[in-house]
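Everything on this sheet refers to the single structure shown next.
The values are calculated or read from the model by the stated rules, or taken from the named source; none is laboratory data. Since the structure is predicted, the reported quantities are computational estimates derived from the model, not experimental observations. Because the Cβ atoms are built from the backbone with ideal geometry, glycine has one as well, and the counts that use them run over all protein chains shown.
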Amino acid sequence: MSQSLLYHAFGIRKGYEYVRTVYGDGCISFVLVARQELLVCPRCHSAEVSRKGRRFRQLQTVPIGFKRVWLVTEVPLCKCLACGQSFEVAPLLPQRMFLTRIGSKPLSRVCGGG
Ligand SMILES: [Zn+2]
């Protein structure tokens, strides 16, 4: 799966980088991580931020054949080095997607139980 296809087919916006595909039982997950360019302080707009951790959000998108397709997007937890603000960088959701929080569940289990 190419990154450009992901952008066009599933509405992935720029700033996210495709890293891998996880094949589960009856579903496919595309894993995306946030690029450094997305990490900007919402309070002072400084790009001098450091990552403090991350979680993942799982978005169901259009199926491929009979497979359910999920986009697993990284939500970095950051702290601004300029003003001290802590914040998350959450992806904007393309329309008509369903959002499920998966917390810190290992990625290999995203598709489990299907
Ligand atoms: Zn700041």
Note to self: Please determine whether any residue of segment 66-75 is crowded, with 17+ Cβ neighbours inside 10 Å and acidic (Asp, Glu).
What the structure shows: yes
Notebook entry, point to check: List pairs: first in segment 28-43 and in contact (Cβ under 8 Å) with a residue 12 or more places away in the chain and farther than 14 Å from Arg54 by Cα, second assigned to a strand (DSSP E or B) and not aromatic (Phe, Trp, Tyr), Cβ under 6 Å, 6+ apart or cross-chain?
Noted result: Ile28/Lys67; Ile28/Val69; Ser29/Val22; Ser29/Val72; Phe30/Thr21; Phe30/Leu71; Cys41/Val49; Cys41/Cys80
Notebook entry, point to check: Would you say Leu32 is within 16 Å of the ligand (Cβ to nearest atom) and either surrounded by 13 or more Cβ atoms within 10 Å (Cβ to Cβ) or closer than 15 Å to Val72 by Cα (or both)?
Noted result: no
Item checked: Every residue from segment 1-31 that is within 10 Å of the chain's Cα centre (by Cα) and modelled with pLDDT of 90 or more -> Phe30, Val31
Margin query: When you scan segment 77-87, do you find a residue that is within 16 Å of Val31 (Cα to Cα) and in contact (Cβ under 8 Å) with a residue 24 or more places away in the chain, even just one?
Written below: no
